[in-house]
1. Kindly evaluate Ile647 against the criterion of being at pLDDT 95 or above, assigned to a strand (DSSP E or B) and over 18 Å from Phe758 (Cα atoms).
2. Out of the residues in segment 791-821 that are touching a Leu at 6+ places or on another chain (Cβ under 8 Å) and free of Cβ contacts under 8 Å to residues at least 24 places away in the same chain, state the one that is surrounded by the fewest Cβ atoms within 10 Å (Cβ to Cβ).
3. Taking the condition of being polar (S, T, N, Q) and part of a loop (DSSP other than H, G, I, E, B), how many residues in segment 629-644 meet it?
4. Could you please find all residues in segment 140-166 being hydroxyl-bearing (Ser, Thr, Tyr) and touching a residue at least 12 places away in the same chain (Cβ under 8 Å)?
5. Can you find a residue in segment 42-52 that is in a strand (DSSP E or B) and either farther than 30 Å from Glu139 by Cα or assigned by TED's automatic domain parsing to the domain that holds Arg234 (or both)?
6. Hey, which of the strands (runs of 3 or more DSSP E) in segment 288-386, taking only ones fully inside, have at least 2 residues that are in contact (Cβ under 8 Å) with a residue 12 or more places away in the chain and either surrounded by 21 or more Cβ atoms within 10 Å (Cβ to Cβ) or aliphatic (A, V, I, L, M) (or both)?
7. Go through (1) at pLDDT 95 or above; (2) in a helix (DSSP H, G or I); (3) over 21 Å from Arg196 (Cβ atoms) one by one and return the number of the condition Leu21 breaks.
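The values are calculated or read from the model by the stated rules, or taken from the named source; none is laboratory data. Keep in mind that what you see is a predicted model, and the values were worked out from it rather than measured. A quick note on method: Cβ atoms are made from the backbone with ideal geometry, for glycine too, and the neighbour counts reach across all protein chains shown.
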Amino acid sequence: MRLFSRNSLFVFWIFVTSPQLFAQDRGPAQAITTPKQALGFNVGDDYQLANYTQLLDYWKKLEKESDRFKVVEFGKTEEGRPQCLAIVTSAANHKKLDRYREISRKLALAEGVTPEEARKLAQEGKSVVWLDGGLHASESLCAQVLIEMAYQLTSGKDAETLRFLDDTIILLVHANPDGQDLVANWYMREKDPTKRTLQGLPRLYEKYAGHDNNRDFYANNLAETINMNRVLYREWFPQIMYNHHQTGPIGTVMFIPPFRDPANYNMDPMVLSGIDAVGAAMMNRFLAEGKPGVTVRSGAPYSTWFNGGLRTTTGFHNMIGLLSETIGSPTPSRVAYQPAKLLPKADYLSPIAPQVWHFRQSVDYSVTANKAVLDYASRYREHLLYNIYLMGKNAIDRGNRDSWTTTPKIVEAARANRGGGAADYEKFFHDPAKRDPRGYIIPSDQPDFLTATKFVNKLIQAGVKVRKATADFEVNKKKYPAGSLVVKSAQAFRAHVLDMFEPQDHPNDIPYPGAAPTRPYDAAGYTLAYQMGVKFDRILDGFDGPFAEVPDVLGPPPGKVLDTEGAVGFFLSQKTNDSFRAVNRLLKAGEEVRRLKEEFTVQGIKHPAGMFFIPKKPSTLAALEKIATEIGTSFRGTPTAPDKEAITLKPVRIGLWDRYGGSMPSGWTRYILEGFEFPHKVVFAPELDKGGLAEKYDVLIFVDGAITGRSGPRPKGGAGGGDNGEMAEGKGSNLPPEYQGQQGNITSEKTIPELKKFLEAGGTILTIGSSTSLSKELNLPISNFLVEKDNPEKALPAEKFYVPPSILRAKVDTASNLAWGLESEVDVNFGSSPTFKLGADAEKAGLHRVAWYEGKNVLRSGWIWGPEYLNGGTAIVDATVGKGRVVFFGPQILFRAQPHGTYKFLFNGIVQAGVR
């Protein structure tokens, strides 16, 4: 009997000798190294953490072992490490990555794509899913899961894993390499595993921002943010992105979507329904696998309102942004006993009993969540691809026609109206004057166009399309110069455009009449154009002009050195933030810089107080031309130099307060000072306590949180995101030498007397936020403005007055040298900020009001409850103490390095301390 034909034997021979021809990526070509083989322990083993170096080494090993896995460096971190992601998909998909990336881009941007073409592209394409970890490095689980997911996706041979690889392109993204190395090395430094702890981190786990790195995603300040936003919004355009965090709500294991209200009204509703759909798929998988303890919506405070988070910014780009918060630590912990959490409800379907909890259990929950997301992306691949196209197309269509956005204030006004009917609908909801803009024009002739250019670059880095005028043009009978920047709303990321230009209108979130407001998760108002002081025009009708698309971020518009012939010196405007950077560079180079202390007129041109003047030396012209090219500031020559009208500046010795464990406001301030080239030194409480401050510093800066108005240790919970515990209080052991001398806090007993001596000797102290409580220590006639009328000692309760981080309008005394370069009104960042009342003898005591709130409602963007209480309150106070000066900034003038519009308050305070 003949068992095989000649042909079948030939086929069998080929299969035996060349099985890869038949494999079709149904398994790896060689054995895959396990995490334990690479690291010496399993991911999730108690008392074990891998650092970023180990993670990257393992990823590179997998890249060599599997044709499913590719490692890509997509930028450098703030500390110079390579920031990498892994692309995981089938071998066949890897061969067509460029094509699939282009399909994802075309569908996300939607420009010039018809619905029929979109259908075909969706059928051809692969869904792109972003899974990240490590953003908040002290949340140590999330980066470890990236190791486990890499292994399971490369080694898995089961049908489900192979389906994931066939249908999806998975981006495993590390969000904070610097932080993982810091945290893991800190934890593993103890040889005895039972002594290992995440407490006591010595510094911020992101160089400047620490935990605030997840508040930067519309601002694009940090290197890691810029890197990730480029992948998200300019390269890969994933339909789903999943951002992992810790820790879960007490008594549960994990929070997953959907999120609670309020939702941001600028988002496409399909984003929100998509979040709900994927969240339901995640919950179903947890229930099917018998993993209890997962909560949604009301189980945690997370909403979709705020734009600045890694996963929330995606919603303004038509992407399904997910977030989870999971308990767990390499040191075994417990699920807390919470009787109220043992009763099932709609937002918590399957409670979990209190118990000991191990790190590996958290890893398993995270893997389940990831696989649920991948399963949804696989099953609904075409649906996701076509829907992101639809959302982009809808955004473009809305931007090309008259459209209106319904906000809470419009609804409140309509409800308060006693009329009704179609006429009222048109009146309130279709008022022609309240249409959404077709676009925005940023004139190039505004005083600080350099800062406006920085704002536009932040939009470009977030994927927004920007145009630049190649010639003068006119819109609505207004003339604009060449170089002006144009942002049209007819683009796929329209929601992000509106959110950056338009005021946020947060609803009055009051659970019941008379109750305190429900605190939003983060900022209620954050309009970036307002914060940066950008001047722009809202254009309500369609318009066009000689516009060319800007292909990438813009360099600073080159400055000019004008009127050089016969010049004895050069003037530099005080209205441009970067002028201070230019001054710092000139002083460093040994050039002389003076500043007008009063108006100076030459050849009929009035130069106001605050202008900088650089006398001409043989080296000056070359220095100015170099600065004009590199920084963009312009200089104008003058044949006549100011005399008594100007005063000479000297380099200022700056001390910036920080604490052991790191202060986020201090970190952001350091970022700003470095960016504008202010030389400075970070100073800790023990050095302040030693005294002799006037011999080392001209200016001391105390940011929010530095001075709390009370002695003793600060509350536990380091700014780095972990609990710094005893080490933050100076009681720790096993502290590396470089961190010795950093422990301790500002106290009334030791620190304040030295600060008083510093002021008496002529020093300058600049305080922000809670540190303005120094006024009490100095016994100055300043009190809290926001108090009950019948009881000045009692602060207004939240039921009467409440402002979460929002943007308010303040009046400014432009005659003050703290306000030189500013206009008579300015937008300030306010969030439960100190607001001052000056005593009757304030002027006599040397106190001056620099900025204040005036009017029944000074809200510009966000939410204010009880606005009338703020009317007349003082925002900024300038005080003379001895020979020195102390300034109290109530608003957050440097908040997260976003409010460029109020930087001049700080810069002026620094520069004026250098007056000879």
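1. Against the criterion (at pLDDT 95 or above, assigned to a strand (DSSP E or B) and over 18 Å from Phe758 (Cα atoms)), Ile647 qualifies.
2. Among them, the one singled out is Ala795.
3. Just the residues of segment 629-644 that are polar (S, T, N, Q), to begin with: 629, 633-634, 638, 640.
Applying the additional criterion that residues be part of a loop (DSSP other than H, G, I, E, B) yields 633-634, 640.
Final tally of qualifying residues: 3.
4. Ser140, Tyr151, Thr154, Ser155, listed by residue number.
5. Quick first cut of segment 42-52, residues in a strand (DSSP E or B) only: none.
Looking through segment 42-52, none of the residues is in a strand (DSSP E or B) and either farther than 30 Å from Glu139 by Cα or assigned by TED's automatic domain parsing to the domain that holds Arg234 (or both).
6. Once the strands (runs of 3 or more DSSP E) in segment 288-386 are filtered for at least 2 residues that are in contact (Cβ under 8 Å) with a residue 12 or more places away in the chain and either surrounded by 21 or more Cβ atoms within 10 Å (Cβ to Cβ) or aliphatic (A, V, I, L, M) (or both), what remains is 320-326.
7. If we test Leu21 against (1) at pLDDT 95 or above; (2) in a helix (DSSP H, G or I); (3) over 21 Å from Arg196 (Cβ atoms), just (1) comes out false.
Per-residue answers, yes or no, for (1) modelled with pLDDT under 95; (2) within 22 Å of the chain's Cα centre (by Cα); (3) assigned by TED's automatic domain parsing to the domain that holds Lys883; (4) not in a loop (DSSP other than H, G, I, E, B):
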{"residue": "Trp668", "(1), (2), (3), (4)": "no, yes, yes, yes"}
{"residue": "Leu673", "(1), (2), (3), (4)": "no, yes, yes, yes"}
{"residue": "Glu726", "(1), (2), (3), (4)": "yes, no, yes, yes"}
{"residue": "Gly730", "(1), (2), (3), (4)": "yes, no, yes, no"}
{"residue": "Ile746", "(1), (2), (3), (4)": "no, no, yes, no"}
